[in-house]
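The values are calculated or read from the model by the stated rules, or taken from the named source; none is laboratory data. Values in this document were obtained by computation on a predicted structure and should not be read as measured data. Cβ: placed from backbone, ideal geometry, glycine included. Neighbour counts: every protein chain shown. Side chains included, ligands, DNA and RNA excluded: accessible areas come from the protein's heavy atoms. Shrake-Rupley method; radii C 1.70, N 1.55, O 1.52, S 1.80 Å.
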Amino acid sequence: MVTDHRKLPRRRGEALSAAIYQATIDELAEVGYAGLTMERVAERAKASKASLYRRWPTRIELVMEAVYQSLPMPELSPDTGNLRDDLVAMLTNMARALSGPAGEAIRGLLGEALRGESPLGSMRKNSQGKARELMEEIVRRAVERGEVDPADVTPRRLDAGHALLRHHFLHEGTIPEPLVVQIVDEVLVPLLKRR
């Protein structure tokens, strides 16, 4: 039975956006990227299709924003008290996110991008931006604790862990936990704690 959204209490702003993001993630988990439609997201969010299309003119834009909203926020980056454990926790969280609806969406978006149907530049900016912010926060705390020399912090070093994780995800699918530990111990810690 389809719910008539016009008879429900009216939501606006953040509350409506949050409901739509959650509905998008739930749809991705249930039907995958290929099966996701704006109509089903609107129905699940108990919102009008017009409210979706006003904010996100295309399915691609909606999915990109919902996925990036679902990823860990920089202010919630792990704080275990040491660089290595923070990095393992952060990359483990990212690997878990990629194994769920977010990963399904990213694969679908990349498939469209390769066919020229998706704004690849926007995808790259969003994914690298959040990953970089998470790394910057973890490394900032490590610098404050004296674990890392600020001179050893460069954009490429900040991007290395996520780049390796994304590469494995795109080529192999699931990301085993031992791989996360290897990326941290063999690549990130040596890059950031050179002295």
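Quick notes
- Exposure rank, largest accessible area first [Thr80, Thr92; 1.4 Å]: Thr80, Thr92
- For segment 75-114, the residues whose backbone nitrogen is under 15 Å from a point 7 Å from the Cα of Glu136, taken along Cα to Cβ, are 75-77.
- Of all accessible heavy-atom area on segment 19-79, the percent that carbon and sulfur account for (1.4 Å): 51
- Cut-off 11 Å between beta-carbons: net charge of the residues surrounding Met94, Lys and Arg +1, Asp and Glu -1: +3
- Label sites at Ala18 and Asp149, each approximated as a point 7 angstrom past Cα along Cα to Cβ, lie 4.6 nm apart.
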